[in-house]
Amino acid sequence: MIWLGVSIALVGALGYAGGAALQQYEAVHGGANLKLVRRPRWLIGGVIGLLGAGLHAVALSFAPLVLIQPVSVTTLVFAVPLAAVLHGRRPHKSEVLGSIAVAAGLLGLMLLIPQSNTPPVLSTPAAIAFLAVVGTVVAVCHIASRRARGPMKALLLSIGAGSVTASVSTFVRVVGGGLGGDLSRLLHWFTVAIPVLLVFAIVLLQKSYAVGYFGIAYAGVQVIDPITSVIAGAVLLGEPLPTEVSDVIPAIISAAVLIAGTITLSRLTPETTQAVTPPHAEIPIPVISKAGVR
């Protein structure tokens, strides 16, 4: 059942990546505001993303949080080049290499986590404390982003978005993994919290996309989401983490690769409306002077 969950998560992650690329395209050109809901491409991206998120939620019912969350990281390799194509250009070599490095580094870290399928149990006080921490992170990032510019602004907003999406995944894991065939367990405030948190996550994602640096924004979410989820899974749900000394060196190497990839993506130029304007050959315009046409 664990590998079934992983397979479902992979399909869902690919859908999420495609939806994110479509929505980022519209957010860059239309701004992160309510007018986005009038754009068909943004809505299509939202539907695709929601389908991907739905499959992710199903996957969390079959496998632990610490195993499912890292699967979405692999979509970085596809999402960033796809966004470049949507903007009417070829993917830069640095985009591809940076995305691969981030995905490889984070996967290396996540693969060190031991597999288990411990039934998730989360108390109300622990859930409230978790949401308070996430809310603090979002507030700090949002305030700091007001003074930031360029890739740093996109990164700060994506950190806030990633922490909220991690909280969604955590609650989905608790609700879905704790059902045990008893649908009455859905009658809990955790179930109500999931769509509310999802709305906040979508708003923060659009704000990070609108800055124009899709590579760093998407990578930021994909890094913060699984790391926060793994911490939540270990601290709140009792899911295991690696304790062997032999895991330290691979973890350091993976972290270094991840950081290098993130730095590479942060140096990319932002997407602008010029990126999707097809080049036109300049047509000389005749100038009329007193001497005639020249």
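For segment 2-270, the equivalent ellipsoid built from the Cα gyration tensor has semi-axes of 28, 22, 17 Å, listed from largest to smallest. For segment 186-218 versus segment 124-144, the inter-centroid distance based on Cα atoms is 14 Å.
For segment 2-270, the residue among V211, P81, V138 whose Cα projects farthest onto the positive side of the dipole built from Cβ charges is V211.
Bear in mind that the values in this text are calculations on the coordinates, not laboratory data. If you're wondering where the values come from, they're calculated on a predicted model, not measured in any experiment. We place every Cβ from the backbone using ideal geometry, glycine too, and count neighbours over all the protein chains shown.
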